[in-house]
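Beneath this line is the structure, given in structure tokens, with notes to follow.
The values are calculated or read from the model by the stated rules, or taken from the named source; none is laboratory data. Predicted, not measured: the structure shown is a model, and the values here were computed from it. Methodologically, a virtual Cβ is constructed for each residue, glycine included, from the backbone with ideal geometry; neighbour enumeration extends over all protein chains shown. The area values use the complete protein model at the heavy-atom level, side chains included, leaving out ligands, DNA and RNA. Shrake-Rupley method; radii C 1.70, N 1.55, O 1.52, S 1.80 Å.
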Amino acid sequence: MAEVSRILQSCLLPPFSHKIDGITNYHFTSYKLYRRNRLNIVIRCSSISTTETTKSTNTQNIPWGCETDSLENASNLEKWLSESGLPSQKMDIQRVDVGERGLVANNNIRKGEKLLFVPPSLVITADSKIFLCLDMCWRCQKWSNSDVGNVLKQYNVPDWPFIATYLISEASLMKSSRWSNYISALPRQPYSLLYWTQSELDRYLEASQIRERAIERINNVIGTYNDLRLRIFSKHPDLFPEEIFNIETFNWSFGILFSRLVRLPSMDGRVALVPWADMLNHNCEVETFLDYDKSSQGIVFTTDRAYLPGEQVFISYGRKSNGELLLSYGFVPKEGTNPTDSVEVSLSLKKSDKCYKEKVEALKKYGLSASECFPVQVTGWPLELMAFAYLVVSPPSMSRQFEEMAAAASNKARSKKDIKYPEIEEDALQFILDSCESSISKYSKFLQASGEMDLDVTNPKQLNRRVFLKQLAVDLCSSERRILYRSQYILRRRLRDIRSGELRALNLFDGLRNFFK
């Protein structure tokens, strides 16, 4: 699903949305999606170095899937879907300008029209019973090797790793699997930051907080795989041979899930792979998303605009920032075109603070640490960021308010009203401004150096890859720096107003004092 036009067939991993991870759409009051433990796929995440992780990540030996622009595989998929019960569609799979393959209208499509109608029999879920309970007549999704599925169920494996293992199991059967045509049309190397090496992350994303989130996700996937290997695979080597169920194949399957898994709101948020629907590409201006429709008994989306024959049809992957879109799908929208774009700003308590321990304790009580990241948009920043800044700059005399500030910073305050401390507002705004300007400096340094960056690669394909990754990084850093520049302007203006007000008050006081002399 995020198959963007590229200069090479390359790498590139959730938070999510209606489209993929089902966490509620991002807005300022849900900023906690950006903090620690963001990924919900881990059974027990082990501590693994990213260097070891990325060294083992290699999809060159993955025999499944195809090049991302393969229309032959897409044509076979379309034919198989039709033979398997997919109704006649108003769209075809074609090469497109935005994305390498996409769904293009072959008829006039009206605004408000329901499209797709993918039946449950063509949907991959961890539990097919969610559809059976609706008394639908369809073939129950089964494992080709039922013993494998039964073992995973015995261990209560969560949906994400369950579907990832299922995908590997079916892919290994090649033509023998019912899903062979679907798997053959999947990208051999999904667009995901899972496939950036440690050196590439360090080199190209050094200025962005997305680098830390990419490392976290890589380690989470490795931790999930290691947990499955130790608890299940090693105990059933006949069912889970290492030559099939290994870290390379799990990186592939999780890459597929990150970029294609759909969460269905009307089905209690269950996740599913929806063949055909996952050929739809994202548009930042589109708001429609996939869901299960009880009346038509299929996966549909309702168009929010009209399409003429030959026009690409889009859906929304969710209200994501450019960094999130790069993280999961491997593309960055053009600067200024994403109305929900944001940049993460890191704020930290000062260890030299006389009340450092007290403030840390207050933060811990509400699940926060001494260092937190908050999203900033062109239109402003969340109340939680301001509350954290208040806590950082608050003097010992305000110790009774520490807990109130920490609660507000965690979005767990009893009152959801904006807290204000006029006596330290200037210091708090200056602290935020300093943090923004520090980040701006990092972005500017990277962008200035990017034009002189020596790629030093002799292999033409590898050179193309490096050029592509660098361009993605430049696009991301440019869009994130743009937001910080806007925040810098707002903060400076606010501080100027506060200080000019203080100056006027001081001048008035001096005037009155002179008058009464």
* Would it be correct to say that LEU230 is part of a helix (DSSP H, G or I) and open to solvent by 50 Å² or more (accessible area, probe 1.4 Å)? -> yes
* Is at least one residue of the stretch 210-223 crowded, with 22+ Cβ neighbours inside 10 Å and outside any helix (DSSP H, G or I)? -> no
* **Residue list for the stretch 378-407, filter: surrounded by fewer than 20 Cβ atoms within 10 Å (Cβ to Cβ) and of a type outside the set (A, V, I, L, M)** => THR379, GLY380, PRO395, PRO396, SER397, SER399, ARG400, GLN401, GLU403, GLU404
* **Scope the stretch 293-324; condition among the aromatic types (Phe, Trp, Tyr) and open to solvent by 10 Å² or more (accessible area, probe 1.4 Å); matching residues** => TYR307, PHE314
* Asked: Of all residues in the stretch 443-491 being out of contact with any helix residue (DSSP H, G or I) (no Cβ under 7 Å at 6 or more places or on another chain) and among the basic types (Lys, Arg), which is modelled with the lowest pLDDT?
  -> LYS461
